[in-house]
Amino acid sequence: MYEFVMGLDGYKYNLMNSLEVIVQLIAVGLLIIVIGLTRKALKQSEENNNEILERLRYDSIDRLYFDINKLVIEFGEKIIQPGPGYDRYALLTYNFIETVFDTVTEAAKTKNTKAEDQDLWDTWSVIVRNESIKHKDWLIDSKNSVNFKPSFLDFLEKRYISELNGEYTPPKDNISLSHWRSKTDA
């Protein structure tokens with residue numbers, strides 16, 4: 001019924017064998033295409049998830065800062081100056097600053113690219129700097145600085161020590177945030 005043809009390898013091929021080989025080659029080709037498309041879809045999904053996470057990080061930080069500012073609206077400017085309620089306000093503010101620090105630091109650890117982390121930092125760094133300077137005296141007090149982890153205090157020291165001292169040059173008295181943690185109140 002089917003005519004056999006002798007191949008160079010000595011195997012006898014017929015039309016059915018040839019069709020099977022062609023079908024198998026097509027199946028392998030389709031499998032390679034499916035694997036390629038799946039990898040592309042997974043990469044796109046990961047990029048979309050990263051964008052969503054980035055947006056959620058920004059939104060949660062924005063909401064925290066909005067809530068802190070609502071306190072100023074509710075209680076007036078007196079809350080941002082030493083007096084009743086100031087300790088809690090300063091603690092909230094530095095907790096916010098530490099949240100920005102933690103968010104950017106954690107994002108940098110979990111992603112291959114730092115472009116989004118830099119955007120997030122660029123957005124909040126001015127506020128972090130300004131709030132740090134505004135409430136520096138509160139943080140210098142050792143009873144307050146013990147509320148924060150050493151890596152955060154080291155970050156403030158490396159990034160903002162001159163501004164925390166109200167200068168734009170290195171401090172002459174070598175005040176260090178890491179030393180504030182061990183300082184005892186007089």
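Against the condition under 23 Å from residue 87 (Cβ atoms) and modelled with pLDDT of 55 or more, how does residue 109 come out, does it pass?
Against the criterion (under 23 Å from residue 87 (Cβ atoms) and modelled with pLDDT of 55 or more), residue 109 does not qualify.
Inspect region 90-111 for any residue being aromatic (Phe, Trp, Tyr) and in contact with a His (Cβ under 9 Å, 6 or more places away or on another chain) and give the result as yes or no.
Checked region 90-111: at least one residue is aromatic (Phe, Trp, Tyr) and in contact with a His (Cβ under 9 Å, 6 or more places away or on another chain).
Is it fair to say residue 41 is in contact with a His (Cβ under 8 Å, 6 or more places away or on another chain) and not hydroxyl-bearing (Ser, Thr, Tyr)?
No: the conditions fail for residue 41.
Could you list all residues from region 24-80 that are closer than 30 Å to residue 134 by Cα, of a type in the set (D, E, K, R) and either open to solvent by less than 70 Å² (accessible area, probe 1.4 Å) or out of contact with any Pro (no Cβ under 9 Å at 6 or more places or on another chain) (or both)?
Hits for region 24-80 are 54, 55, 57, 59, 62, 63, 67, 70, 74, 77.
The values are calculated or read from the model by the stated rules, or taken from the named source; none is laboratory data. Keep in mind the model is a prediction, meaning the values are calculated, not measured. Positions of Cβ are backbone-derived with ideal geometry, glycine not excepted, and every protein chain shown enters the neighbour counts. The protein model used for the area step is the full one, side chains on, heavy atoms only, and it has no ligands, DNA or RNA in it. Shrake-Rupley method; radii C 1.70, N 1.55, O 1.52, S 1.80 Å.
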